[in-house]
């Protein structure tokens with residue numbers, strides 16, 4: 001079940017075995033059909049959002065600019081983890097070469113860090129729109145929006161380079177079985193046979209900077225928004241302001257609750273079934289629900305969608 005390479009007195013694992021989401025054959029076929037349908041639906045939803053944002057001039061606004069980037073990110077994000085989940089459900093436990101595992105880990109870390117900072121940028125956009133409406137065209141001009149989006153993508157890339165390099169440099173002497181459906185940080189740290197203090201430090205610092213930093217920005221934005229909404233003179237204005245922020249707040253709550261539970265602890269954690277369930281929430285459920293929560297219930301997006309159907 002394990003292939004390895006002898007280097008002196010050290011035996012280095014050359015591949016890992018992913019146990020997958022479930023090892024029970026009687027439910028794997030059902031789960032495979034369910035997650036395949038969810039994966040295809042997620043791709044369809046996010047492709048639709050990107051098309052609508054790009055093809056309709058009335059959606060060329062900062063809020064929809066960020067939503068377009070989020071949909072693009074979600075398509076990449078779900079395509080990094082879900083195929084390996086489906087393979088595990090179809091075949092059962094399967095072998096993954098060391099290089100392929102580290103490549104998946106690199107893209108996963110990059111995309112999850114990008115999503116954290118992108119969600120914070122979207123919260124800041126709503127803060128400016130509600131708390132400084134007269135200055136909104138200046139504060140959220142196209143150059144600023146592009147800068148925030150590019151900072152999110154590049155920041156996630158740099159963090160991923162540091163974390164993946166540290167994890168890939170560890171020695172894995174066996175066993176080589178990962179109790180997960182994709183190559184994740186904690187299961188890999190659990191298998192390392194060398195001292196992981198530096199890797200855990202890098203993991204902890206990145207969690208503080210990216211996860212907690214972006215969460216604090218989002219929370220501060222919504223505290224300020226809440227105060228501004230409470231000072232609004234009319235109930236109609238309050239409802240309108242709340243409706244523009246409620247969707248984002250729901251997604252932020254779901255996403256950060258799962259990620260902080262798993263990734264904001266510097267020590268090794270056991271990859272239990274609970275961790276796999278939580279991983280399903282932010283790797284499958286969140287990308288599926290985001291387009292519905294954010295866009296498909298939005299009146300402007302619905303109008304653009306109806307116009308698209310009319311043209312066709």
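Under 1.5 on a/c is rounded, so check that first for the chain, then, if it is not, pick prolate when a/b is larger than b/c and oblate when it is not; a ≥ b ≥ c are the square roots of the alpha carbon gyration tensor eigenvalues. It comes out prolate by the Cα gyration axes.
Neighbour counts of other Cβ atoms within 10 Å put 229, 284, 223 in the fewest-to-most order 223, 229, 284. Between the C-alpha center of region 159-185 and that of region 63-105 there is a gap of 16 Å.
Pairs of alpha carbons in region 189-239 separated by more than 18 Å make up 59% of all such pairs.
Helices in the chain, meaning DSSP H runs of at least 4 residues, each add -39500 (n - 2.57). Divided by all residues, the mean residue ellipticity at 222 nm is -23500 deg cm²/dmol. Using the Cα gyration tensor of region 29-99, with a ≥ b ≥ c the square roots of its eigenvalues, what is the shape: rounded (a/c below 1.5), prolate (a/b larger than b/c) or oblate (neither)? Verdict is prolate for region 29-99.
Taking 7 Å steps out from each Cα toward its Cβ at residue 308 and residue 198 produces label points 4.8 nm apart. Working from Cα pairs under 8 Å separated by at least six residues, relative contact order for region 23-311 is 24 percent.
One Cα centroid belongs to region 116-148, the other to region 24-50; the line between them spans 33 Å.
Projected label points at residue 190 and residue 54, each 7 Å from Cα along the beta carbon direction, are separated by 4.0 nanometres. Of all DSSP bridge pairs formed entirely within the chain, close to 80 percent run antiparallel. Any idea what the relative contact order of region 81-220 is, in percent, if you count C-alpha pairs under 8 Å spaced at least 6 apart? Normalised by residue count, the contact order of region 81-220 is 35 percent.
For region 33-183, the fraction of C-alpha pairs farther apart than 19 angstrom is 63 percent. Length gained on full extension, residue 242 to residue 292: 16.3 nm, using 0.36 nm per residue less the C-alpha separation.
Entry note, region 113-157: relative contact order of 66 percent, from Cα contacts under 8 Å with a spacing of 6+ residues.
Note on 15, 300, 58: ascending count of other Cβ atoms within 10 Å places them as 58, 300, 15, the fewest first. Answer rounded, prolate or oblate for region 97-197, using the Cα gyration tensor with square roots of eigenvalues a ≥ b ≥ c: rounded when a/c is under 1.5, else prolate when a/b is larger than b/c, else oblate. Cα axes put region 97-197 in the prolate bin. Site pair residue 285 and residue 173 shows an inter-label distance of 4.0 nm when each label is modelled 7 Å from Cα along Cα→Cβ. You can think of it this way: the chain between residue 30 and residue 76 has 14.1 nm of extra reach, that is 0.36 nm per residue less the Cα-Cα gap.
None of the figures in this text is laboratory data; all of them are computed from the coordinates on show. Not measured: the values here are computed from a predicted model. Note that we place each Cβ from the backbone using ideal geometry, even for glycine, and neighbour counts take in every protein chain shown.
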